[in-house]
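The structure appears right after this line, and notes come after that.
The values are calculated or read from the model by the stated rules, or taken from the named source; none is laboratory data. All values reported here derive from a predicted model rather than from experimental measurement. Cβ atoms come from the backbone with ideal geometry, glycine included; neighbour counts cover every protein chain shown. SASA here: full protein model, heavy atoms, side chains in, ligands and nucleic acids out. Shrake-Rupley method; radii C 1.70, N 1.55, O 1.52, S 1.80 Å.
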Amino acid sequence: MSLLIKNGEIVTADSRYHADIYVENETVTRIGKDLESSPGTEIIEAGDKLIFPGFIDPHVHVYLPFMATFAKDTHETASIAALVGGTTTYIEMCCPSRMDDTLEGYHLWKSKAEGNSACDYTFHMAVTKFAGNTEAQLREIVSDGICSFKIFLAYKNFFGIDDGEMYQTLALARRLGVIVTAHCENAEIIARLQESLLAEGKAGPEWHEPSRPESVEAEGTNRFATFLEHTGASGYVVHLSCEAALKAALSARERGVKIHVESVVPHLLLDKSYAERQGLAGMEYVMSPPLRDKRNQNVLWNALSAQLIDTVATDHCPFDKEQKLLGKEAFTQIPNGIPGIEERVNLLYTCGVNRGRLDLHRFVDAASTRAAKLFGLFPRKGTIAIGSDADLVVYDLAYRGALSAKTQHSNNDYNAFEGFEIEGRPSVVTVRGKIQVRDGEFVGDRKLGRLLKREPQYF
Ligand code: URP
Ligand code: ZN
Ligand code: ZN
């Protein structure tokens, strides 16, 4: 099956030009002017549309037992939402808890996704304890092609690890050539603050942010960076939300620590006033690290533009209204998470590129190429080049619309970006040359997605 995309304007992280793209056997085989097609080739006329490499979301939760419930999506609903929004590959956090066996957890997550995703995916393997058999199990998981770990400094007694375990994980990662992603917040201080706030009767969602202030995230980021420095491992701070934490990461980078930074769409576009809304309306905006004071947004956008922040992910983690109400008596029981896998690319394009905050190439880099490079997927993913997988997004700049729970594909009953206007959207999306989205609608194969196996990288 071959495909010819004619007359589009190709935009990658470092180039922009008009050309046709020819796809055979899942990969791009020719790029050039006026390409001829063989009989039976499907032709897409791209006209004046841009063609981006498939976008990569490097931080999502699909299957997730967490806070006495389960995140709402299946791999089918999350992957279709991803594709409609232009994301052709996602990296899911594989998160067995401290009480679970790591290897069993890996096989469980793998079995949930296998044959159920419409787009390609891989995992960051969470290390939620470091017991006698952990090294052997992690070696087995890495040899199965999962070459990135995840650690949590928060979520005490569930996902969280202590400093000794962090050191052992990073030292092993360094030996294996595996990058370690980290949720950086100080679990101990959070536990104390939660306790004292609740004791004062401060139980609503507006107290979630004060229970995890910026200094708590800065401390976690600084500690992670210090451990990277002493182990020589390569690290990646997930969902960095504020200036104080950014300063900690950048100061480490200045002294040669191999540390990378991710921000997520909620922290770029939403602020703590959303979580300060009364009752359920506020609970819908509870995530960790929390939505911050608005002054942080400019700092994050500027750092993103200057490449000080590497990537933009979502931390997609949908809980519906009924689940959020688990926390109606105490903010500490509100399932943490905000969905966004479908909205990320369009919001970043509209609020970033169209508002002059982000150069078009930096947009492609932050939403696709940089993640491919950091997580061992490049150049198979993250660019448009001969030999790369034909994951292509034909982007319609003329589209105008608004985001809404009524039209979303994620399995949830609210949309955190309800009413946000978007200027542009994917009209055609292909995964390895197969058309999965046409005219903005999913039309493809629900089981097309494959687990992407990766090689260790020595940074
Ligand atoms: O609130 C969040 N971020 N929920 C998902 C779990 C995590 O910390 O990434
Ligand atoms: Zn997290
Ligand atoms: Zn997360």
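Inside the range 148-176, can you point out the residues that are open to solvent by less than 10 Å² (accessible area, probe 1.4 Å) and more than 16 Å from ligand 3 (Cβ to nearest atom)?
Residues satisfying the conditions are M166, T169, L170, L172, A173.
Does the range 109-119 hold any residues that are open to solvent by 10 Å² or more (accessible area, probe 1.4 Å), in contact (Cβ under 8 Å) with a residue 24 or more places away in the chain and outside any loop (DSSP other than H, G, I, E, B), and which are they?
K110, K112
Only helices (runs of 4 or more DSSP H) wholly contained in the range 295-410 count here; list those with 1 or more residues that are within 16 Å of ligand 3 (Cβ to nearest atom), aliphatic (A, V, I, L, M) and open to solvent by less than 10 Å² (accessible area, probe 1.4 Å).
Once the helices (runs of 4 or more DSSP H) in the range 295-410 are filtered for at least 1 residues that are within 16 Å of ligand 3 (Cβ to nearest atom), aliphatic (A, V, I, L, M) and open to solvent by less than 10 Å² (accessible area, probe 1.4 Å), what remains is 370-374.
How many of the residues making up the range 1-60 are touching a Pro at 6+ places or on another chain (Cβ under 7 Å) and charged (D, E, K, R)?
Here the count works out to 0.
Go over the candidates T128, T74, T102 one by one and state the one that is over 23 Å from D439 (Cβ atoms), of a type in the set (S, T, N, Q) and within 16 Å of ligand 3 (Cβ to nearest atom).
T128
Do you know which of the residues in the range 234-253 that are without any contact (Cβ under 8 Å) to a residue 60 or more places away in the chain and among the hydrophobic types (A, V, I, L, M, F, W, C) is nearest to ligand 1 (Cβ to nearest atom)?
Once the filter is applied, the top-ranked residue is V237.
Taking R380 and the conditions (1) within 16 Å of ligand 1 (Cβ to nearest atom); (2) outside the structural domain of G204 (by TED's automatic domain parsing), which numbered condition does it fall short on, given that it satisfies the others?
Tallying (1) within 16 Å of ligand 1 (Cβ to nearest atom); (2) outside the structural domain of G204 (by TED's automatic domain parsing), R380 fails exactly one: (1).
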